[in-house]
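First up is the structure itself, then whatever we jot down about it.
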Amino acid sequence: MCLFFISICQTLRILLHLEALSDQTAWDSSQYRKVQGFVYDKLVANTEFKDIHNLKTYKLFCFSNIFPPSLVKSGELRHLLFSSPNTQLTHSVFSHIRENLVSDKVINIGEQQYRIKSLELFFFFQTFLFFRHLAFIKEVGIILGSI
């Protein structure tokens, strides 16, 4: 007898395209904490999910480091991902960024200054097929919108 089941998950991801406004002179080993501060203070705190930081549970979102990971020169592009299975949270953060941060506004992440050149909203379906203790994973991404 063969047993299997299929599970489908959906995740929304925001991809921010950041333009460096100055040369980075040294690698900052605490960059992840500074990105974390930017995410909480500038992205999430300005939405209806502003109190999520104080919850004593999982936050149900994650974010990347700025990539690619190298010293950046003025004018070069870097990227940042924000992801959550909570579509309301992701849409709220996307709307906030689009309405308030994409323009000529300067954002600071640690000592480095950036301008958000554009952002994209991706919708991912993850399908998991489990068959006799083996997992086959297929991920499909669909771009929902970008500016």
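The values are calculated or read from the model by the stated rules, or taken from the named source; none is laboratory data. Please read these numbers as outputs of a predicted model, since none were measured by experiment. Neighbour counts are summed over all protein chains in view; Cβ atoms, including those assigned to glycine, are modelled from backbone coordinates with ideal geometry.
Considering each residue of segment 14-36, count those that are of a type outside the set (D, E), in contact with a Gly (Cβ under 9 Å, 6 or more places away or on another chain) and touching a residue at least 40 places away in the same chain (Cβ under 8 Å), and give that number. Result for segment 14-36: 6.
Filtering segment 67-85 to residues that are free of Cβ contacts under 8 Å to residues at least 40 places away in the same chain and farther than 15 Å from D23 by Cβ leaves F67, P68, P69. Residue-level check: of (1) of a type in the set (A, V, I, L, M, F, W, C); (2) under 13 Å from R13 (Cα atoms); (3) not in a strand (DSSP E or B), L80 misses just (3). Considering segment 83-121, the residues that are of a type in the set (G, A, S) and not in a strand (DSSP E or B) include one that is nearest to A45 (Cα to Cα), namely S92. Do the conditions hold for S83, that is, is it modelled with pLDDT of 90 or more and among the small types (G, A, S)? Judged against the criteria, S83 is a match.
Rundown of residues vs (1) of a type in the set (A, V, I, L, M); (2) surrounded by fewer than 19 Cβ atoms within 10 Å (Cβ to Cβ), yes/no style:
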| site | (1), (2) |
| --- | --- |
| L18 | yes, no |
| L21 | yes, yes |
| K34 | no, yes |
| H53 | no, yes |
| F61 | no, no |
| L71 | yes, yes |
| S95 | no, yes |
